[in-house]
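Before I ask anything, let me first share the structure, which is written out below as structure tokens.
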Amino acid sequence: MKLFSHYLKDRAFFITIYVVSVFVCLCVFKLYNLELEAFTYAFMLLCVLLVVCFFWDYHKYYKKHQTLVTLQSNSNISLSCDLQDSSLMGEDYHKILVAMKEYHDEYVISSENKMHDLEDYFTMWVHQAKLPIAAMKLLLEDEKLRRSEIKLQLLRMDQYTDMVLAYLRLHSTHTDFLFKELELDDLIRQSIRRFSTEFIRKHIQLSFKETGDVILSDEKWLVFVLEQILSNSLKYTNENGLISIYMKTKHVLVIEDTGIGIRASDLNRVFEKGYTGMNGRSDKTASGLGLYLCKNILDMLNHKITIESNVGKGTRVILDLTHFEGRIE
């Protein structure tokens, strides 16, 4: 009954037009003194036609209502001809519903893919985090406890924490970029200080030529990139090796090491998520996410990164930090 009352409200305008039309016809018949019998006969025929049309229209109204009610409780229903209307407006509404359904399906698939990526990442992250935790447990059991070794394992845990935060922020819809002019040397020193213990522990020499350069970038994200690159250089450079940091040309920074290098077949894939290459397979702590994050962050900062390497000789990471004024909104 409630549906029927809603239907009458929706069709009130047309019902009113019909009643007014009948009244006008009656007035015309009266004014011209025409026989009311002819009017009555015509009126009865119109009423029969109206009732037929009325029930047909109400049936369509009822089916559409039932389909929409079903849609509210089941988003997987197919938008078939049950909702189609031969009128232009009906077709327009149907197209809107189809477009919304397609968008909804794409959003669900995208959300599921992101969730799978997060599950994969955190599974890998937990395995990574367990290694320094296990190492610290063994160190604590050792009577000759060395503070430097504990600091190293804490540094690795700190790095893994930074990586997971960067991964989450990078895939967030509200990435907190803050572009401003920065002294590049200050950012490099920040990164070096964080790994000072590791430089000393592995007896690795550092050659840092001050750049005197000023760049337009985001401090927090660019420092994260520099730390990831330095971390890789320290990880794959043997004791008594050398890491050099210098400017190639204006706004182009080079971080070069004398490490084990990267095979030519791996160079084209080092920025892929989860790809570790031959070096990663020999190093069980490698996740294949460091350079992936660096590449994505630098793309968002509108900087560029390229890697040159020779196996057994070392690796050269080139960061093009050229100003891109058009990026700033």
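Please list, in order along segment 91-96, the HN-Hα scalar couplings obtained from phi with the Karplus expression 6.51 cos²θ - 1.76 cosθ + 1.60 (θ = phi - 60°), rounded to whole Hz, x for Gly and Pro.
Here the 3J(HN,Hα) series is 5, 5, 4, 5, 5, 5 Hz.
Apply the Karplus parameterisation 6.51 cos²θ - 1.76 cosθ + 1.60, with θ equal to phi minus 60°, to every residue of segment 188-201 and state each ³J(HN,Hα) to the nearest whole Hz, in sequence, with x for glycine and proline.
5, 5, 4, 5, 5, 4, 5, 10, 4, 4, 5, 4, 5, 4
How much accessible area per residue does segment 110-151 have, counting only protein heavy atoms and a probe of 1.4 Å, in square angstrom?
Here the residues of segment 110-151 average 80 Å² of exposed surface.
Keeping all protein chains in position, work out how much accessible area T123 exposes to a 1.4 Å probe, and write it in Å² to the nearest 10.
80
Amide H to amide H under 5 Å from T322: which residues, 5+ apart in sequence or cross-chain, H placed 1.01 Å off N in plane?
Placed amide hydrogens put K304 under 5 Å from T322.
Which order do peptides 12-24, 181-193 fall in by mean Cβ count within 10 Å, highest first?
So the order, starting with the most tightly packed, is 181-193, 12-24.
The values are calculated or read from the model by the stated rules, or taken from the named source; none is laboratory data. Predicted, not measured: the structure shown is a model, and the values here were computed from it. With ideal geometry, Cβ positions are generated from the backbone for all residues, glycine too; neighbour counts draw on all protein chains shown. Please note that ligands, DNA and RNA were not included when accessible areas were found on the heavy atoms of the full protein model with its side chains. Shrake-Rupley method; radii C 1.70, N 1.55, O 1.52, S 1.80 Å.
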